[in-house]
Amino acid sequence: MTLLDSAIVRLLPAVPKRVVRRISERYIAGEELDDALGVVERLNSEGKMGTIDVLGEEVATAEEARAIAAAYREAFEAIQRKRLDSNVSVKLTALGLNLGYDVCRQNLEDVVRDAAERGNFVRIDMEDSSTTDDTLRLYRELRGAGFDNVGVVLQARLKRTVDDVRALAELRPNVRICKGIYVEPPEIAHRDFEAVQTSFVHALEALLEGGCYVGIATHDEWLLDQGRRLVAERGLGRGDYEFQMLLGVRPAMGDELVREGHRLRIYTPFGRQWYAYSLRRLQENPRIAGYIAADTFGRLVPGRNGSS
């Protein structure tokens with residue numbers, strides 16, 4: 001983390017909401033499903049895939065959680081109708097995990113079943129470490145129930161991640177590997193930047209050696225190069241893995257991956273909770289704040305960050 005990144009994060013609460021919205025327009029599809037569908041359609045035209053996320057981790061009632069599940073089913077119907085190349089990503093807290101395990105399990109199974117009936121896929125996002133065990137338990141239960149159209153996320157920041165890869169090996173899981181954005185206690189998480197990078201590579205190696213389909217999710221240039229190297233060394237075909245990035249973050253890098261022939265999926269969030277999401281995402285990951293500041297500056301100064 002640079003001093004500039006930290007300074008940007010400290011200033012965020014003082015930034016007027018309208019300014020945050022102006023900045024976030026590039027990184028959030030909009031408030032409505034149609035906004036996300038339009039973004040995915042554009043991404044598809046650029047040779048990229050999408051994964052739609054309904055913002056709503058702050059649910060307070062079972063009814064709100066069921067509404068989020070219904071929004072995902074609506075998204076699947078629209079994806080199918082418009083013949084878009086997109087799946088979805090779900091946060092278990094949005095489906096009611098903090099309200100009760102069984103509440104979340106029912107909502108998640110409803111979403112995954114709907115996806116299966118339409119030939120689509122659900123990615124279970126990983127949240128902070130308090131949810132890790134329940135997330136992996138739910139993933140195992142769904143796989144045990146015969147649902148193969150579901151994947152999970154593992155975070156390189158957590159020291160347990162390589163062990164989790166080994167524990168899941170028998171399932172040959174479909175996994176998104178990312179650094180992780182949550183600030184966790186040093187007893188359970190790597191704090192050093194290079195240690196997180198090393199953990200990411202070790203986890204990616206273990207997943208690929210286990211024959212897993214992996215979404216390599218990063219904006220880190222060094223990790224992108226490591227991903228390229230590892231898939232090339234194993235002679236993997238284009239359909240055996242994918243890279244993943246956030247909407248609007250370092251888009252020139254994503255364009256380069258597509259030109260090289262790699263599959264790229266873009267995380268496309270939408271919803272009316274855009275403000276809380278924007279602040280949380282930036283505060284939890286100051287480095288992303290730096291990327292966004294650089295990209296925003298690049299839009300104002302021709303020739304910067306691939307904006308020309």
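The values are calculated or read from the model by the stated rules, or taken from the named source; none is laboratory data. Since the structure is predicted, the reported quantities are computational estimates derived from the model, not experimental observations. All Cβ positions, even for glycine, are placed from backbone atoms using ideal geometry, and neighbour counts span all protein chains on display. Keep in mind that these areas ignore ligands, DNA and RNA; they rest on the heavy atoms of the full protein, side chains included. Shrake-Rupley method; radii C 1.70, N 1.55, O 1.52, S 1.80 Å.
For the range 175-211, give me the residue count where each residue is buried (at least 19 other Cβ atoms within 10 Å of the Cβ) and in a loop (DSSP other than H, G, I, E, B).
Number satisfying all stated conditions: 4.
Step by step: first the residues of the range 157-174, then only those that are of a type in the set (A, V, I, L, M, F, W, C) and surrounded by 19 or more Cβ atoms within 10 Å (Cβ to Cβ), then the one that is nearest to Gly144 (Cα to Cα). Which residue is that?
Restricting to residues being of a type in the set (A, V, I, L, M, F, W, C) and surrounded by 19 or more Cβ atoms within 10 Å (Cβ to Cβ), the top hit is Leu168.
Residues that are part of a helix (DSSP H, G or I) and at pLDDT below 95: does the range 24-33 have at least one? Don't jump to the end; show me each part of the working.
Taking the range 24-33 as the starting set, the residues that turn out to be part of a helix (DSSP H, G or I) are 24, 33.
Next cut, at pLDDT below 95 only: 24.
Yes: one or more hits.
Of the numbered conditions (1) open to solvent by less than 20 Å² (accessible area, probe 1.4 Å); (2) touching an Asp or Glu at 6+ places or on another chain (Cβ under 8 Å); (3) within 17 Å of Arg263 (Cβ to Cβ), Leu84 fails exactly one; give the number of that condition.
Only one criterion is unmet by Leu84, namely (1).
Among the residues of the range 74-132, what is the count of those that are farther than 26 Å from Asn44 by Cα and assigned to a loop (DSSP other than H, G, I, E, B)? Let's see the steps before the verdict.
Of all residues in the range 74-132, those farther than 26 Å from Asn44 by Cα come to 92-110, 127-132.
Now drop any that are not assigned to a loop (DSSP other than H, G, I, E, B), which leaves 92-96, 100, 127-128.
Residues flagged as farther than 26 Å from Asn44 by Cα and assigned to a loop (DSSP other than H, G, I, E, B) within the range 74-132 amount to 8.
Against the conditions (1) modelled with pLDDT of 95 or more; (2) in a loop (DSSP other than H, G, I, E, B), where does Gly248 fall short? Just the number, please.
With (1) modelled with pLDDT of 95 or more; (2) in a loop (DSSP other than H, G, I, E, B) applied to Gly248, the lone miss is (1).
Taking the stated definitions as given, is Val231 open to solvent by less than 10 Å² (accessible area, probe 1.4 Å) and assigned to a loop (DSSP other than H, G, I, E, B)? Let's see the steps before the verdict.
On the way: open to solvent by less than 10 Å² (accessible area, probe 1.4 Å): yes; assigned to a loop (DSSP other than H, G, I, E, B): no.
Judged against the criteria, Val231 is not a match.
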